[in-house]
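A quick write-up on the structure given underneath.
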Amino acid sequence: MDCCGQHHCHGHALTRRQWIWSTVLSSIGAILSGGVGPHGSTAAAQTAETTSAALDVLRKSISVDVHTHGGTTGITSQAPPNDTLANGMRAGSLAVACLADVPDAPILGRNTAGVLAALRTPDPGQLYKYHLGRLDWVDELVTSHGLRRATSAADLEAAHAAGQTAIVGDVEGLDFVEGKLERLEEAHSRGVRHVQLVHYTPNDIGDFQTGGITHQGLTSFGVEVIQACHRLGFVCDVAHATEDMTKQAVKVATKPLLLSHTALSGSPAMGPTPLTQRQVSRDHARAIAETGGAIGIWHFFPSLDKYVDGLKEMVDVVGVDHVCVGTDQQVAPGSLQNYSQWVHLVAAMLRGGFSPEEAGKIAGGNYMRIFRAAVG
Ligand SMILES: [Zn+2]
Ligand SMILES: [Zn+2]
């Protein structure tokens, strides 16, 4: 399915509200005229200058949050779809959100150790039914709430050129598949273009970082799933997979792999964190980079400047062509809880020493390379 089925793509003149660059431009105007910060101060002028440079990066290259749930009223909430996500993306000039449905959400909770886990075994078909309900939710979101669903690189390019915010349909954990590859085909036909193999619920695909080891990595069915992702045209995301599973997936993959949300093991920028099991070693990260893929860094840092330090930690290991941004918002607390901060994250990258070209790669260019190879 292409962009049709939405209001905005049949030649209507763009309203100012649809134009994702406008909001930031007017706020820069406010800074320069002294409406924000001390009137005429050097600090205010510098802030305006880096924000303007960041905006230039976001105009030139398509920016992507490679893993998100779309905020507190997003896809994992009970709320019906609304305009909040599109409005936030416009406010921060974020072009694309990979919006992830969480099929095992109905059975997740904190275990006795306070760690997120599947608290019970799902009934057969339960998570599939929930997943189908979330696909309906996304249909309504893209029909009525200012977001275009992109199913090809050409769609993403057209949306960016028109200043329209877009989503890539994403699924965090293939727990709904239950051995039936035709359900993956169905997800593709419903507009999903990005899937993550494992999450918090034991499945027949492979082992996940926060669970017991039951498969010694990737299963033979997991191999079939990766081949199906390549054949059908999905970005294949190995976030949450164990290092063993990841390395086995790398051997099977014939297209670049994504690891959408994590940080480097022992990240000084993160500091002490309950998320150490979800961080990745240098070898784990390098294995992803070797496929031509990228590692997304989540937003669990105390500030945007620390977030940039977290990006640098990973760039030091795998290089600037293999790092991207996968916030995992609405999961809190994080430094990018609101998409109006997106342009300020890019400004922090520039302040932190990344060139505009490097910031453009991290903010979306690297994901676009993977998406083009995997989806077309
Ligand atoms: Zn996750
Ligand atoms: Zn997530």
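The values are calculated or read from the model by the stated rules, or taken from the named source; none is laboratory data. It should be emphasised that the depicted structure is a prediction, and the values quoted were computed from it without experimental measurement. Using ideal geometry, Cβ is built from the backbone for each residue, glycine included, and neighbour counts are taken over all protein chains shown. Surface areas here come from the heavy atoms of the whole protein model, side chains and all, with no ligands, DNA or RNA. Shrake-Rupley method; radii C 1.70, N 1.55, O 1.52, S 1.80 Å.
Data table
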{"read-out": "Extension gain from Thr276 to Asp204, taking 0.36 nm per residue of separation minus the Cα-Cα distance", "value": "23.5 nm"}
{"read-out": "Given charges at Cβ of Lys, Arg, Asp, Glu: segment 7-374 dipole, positive-most of Gln196, His230, Gly169", "value": "Gly169"}
{"read-out": "Point-charge dipole on Cβ atoms (K/R +1, D/E -1) for the chain, about Cα centre, debye to 20", "value": "560 debye"}
{"read-out": "Centroid-to-centroid separation of segment 341-368 and segment 68-125 [C-alpha atoms, Å]", "value": "25 Å"}
{"read-out": "Mean residue ellipticity (222 nm) of the chain, computed from DSSP H runs ≥ 4 via -39,500 (n - 2.57), nearest 500", "value": "-12000 deg cm²/dmol"}
{"read-out": "Sequence-separation-based contact order of the chain, relative, with Cα cut under 8 Å and 6+ spacing, percent", "value": "20 percent"}
{"read-out": "Residue range of the chain that is longest and free of trypsin sites (Lys or Arg not before Pro) which are both DSSP loop and sparsely packed (at most 12 other C-beta within 10 Å)", "value": "181-376"}
{"read-out": "Options Tyr339, Val138, Thr276, ranked by Cα towards positive dipole end of the chain, top entry (Cβ charges)", "value": "Tyr339"}
{"read-out": "Heavy-atom accessible area order for Ser303, Ser220, largest first, 1.4 Å probe", "value": "Ser220, Ser303"}
{"read-out": "Å² per residue, accessible surface of segment 224-376 at 1.4 Å", "value": "34 Å²"}
{"read-out": "Rounded to 5, the percent of DSSP beta bridges in the chain classed as antiparallel", "value": "15 percent"}
{"read-out": "Label point distance in nm, Leu119-Glu357, each placed 7 Å from Cα along Cα→Cβ", "value": "5.2 nm"}
{"read-out": "Simple label model, 7 Å out from Cα along Cβ direction - Ala161 to Lys60, nm", "value": "1.9 nm"}
{"read-out": "Two-site FRET efficiency, Glu49 against Asp321, from Cβ-Cβ distance with R₀ of 35 Å, rounded to 0.05", "value": "0.80"}
{"read-out": "Kyte-Doolittle at least -0.5, axis length at least 24 Å by Cα - qualifying DSSP helices, the chain", "value": "42-60, 126-144"}
{"read-out": "Sulfur and carbon atoms: percent of accessible area, the chain [1.4 Å]", "value": "54 percent"}
{"read-out": "For the chain, Kirkwood radius (reciprocal of mean inverse C-alpha pair distance, Å)", "value": "20.7 Å"}
